[in-house]
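Let me begin by presenting the structure, written as structure tokens, before commenting on it.
The values are calculated or read from the model by the stated rules, or taken from the named source; none is laboratory data. These numbers come from a predicted model, not from an experiment. Counting neighbours? That spans all protein chains shown, and the Cβs are built from the backbone with ideal geometry, glycine included. Protein only, heavy atoms only, side chains kept; ligands, DNA and RNA dropped before computing areas. Shrake-Rupley method; radii C 1.70, N 1.55, O 1.52, S 1.80 Å.
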Amino acid sequence: MIRLVIGGKGKGKTKILLDQANEAVKISNGNIVFVDKSSKHMYELNNKVRLIDTSNLPLKNADQFLGALCGILSQDHDIEKVYLDNFQKISKTEESGLNECLEECKSISELFNVEFVIGVSVDKDAICERLQPMITIEC
């Protein structure tokens, strides 16, 4: 399952994701992962949340990002939720390929039985109809 937090740049999506990750770690039986473009928010996350900084990974496109995501999930079967902030930047996805990449994330989520909460800097009309029901917060 994927949940989308959408809105323009600077609308508060990161704060929402950070708060949700910190709450999830309190009630979760599994592991919580927060994937971001830097380690800037390291001290805002509970120390039980695993932060993955993608700036250290040599990712060039969405396929490589999705492969890295599968690698992360395949190495830890206790991951329950993955928070993906700054999705277009960490996934190296342009707006034209955004929906396809989100569809792939949905498939990966189902394959590994992991929930993804994804912060995307777009308006609602940029999300295809199939994925619009997954929008949980619009900033």
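Summary of values
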{"item": "Residue check, V5 touching a Cys at 6+ places or on another chain (Cβ under 8 Å) and modelled with pLDDT of 95 or more", "result": "yes"}
{"item": "Residue count, the range 103-121 (criterion: outside any helix (DSSP H, G or I) and over 14 Å from the mean Cα position of the chain (by Cα))", "result": "1"}
{"item": "Residue in the range 87-102 that is least open to solvent (accessible area, probe 1.4 Å), counting only those that are at pLDDT below 95 and among the polar types (S, T, N, Q)", "result": "T93"}
{"item": "Evaluation of F65 against (1) in contact (Cβ under 8 Å) with a residue 40 or more places away in the chain; (2) surrounded by 16 or more Cβ atoms within 10 Å (Cβ to Cβ) (one fails), failing number", "result": "(1)"}
{"item": "Any hit, the range 60-78, residues being assigned to a helix (DSSP H, G or I), at pLDDT below 95 and either of a type in the set (D, E, K, R) or within 23 Å of K15 (Cα to Cα) (or both)", "result": "no"}
{"item": "Contacts under 6 angstrom Cβ, first residue in the range 6-25 being under 19 Å from N47 (Cβ atoms), partner acidic (D, E) and open to solvent by less than 20 Å² (accessible area, probe 1.4 Å), 6 or more apart", "result": "T14/D85; L17/D85"}
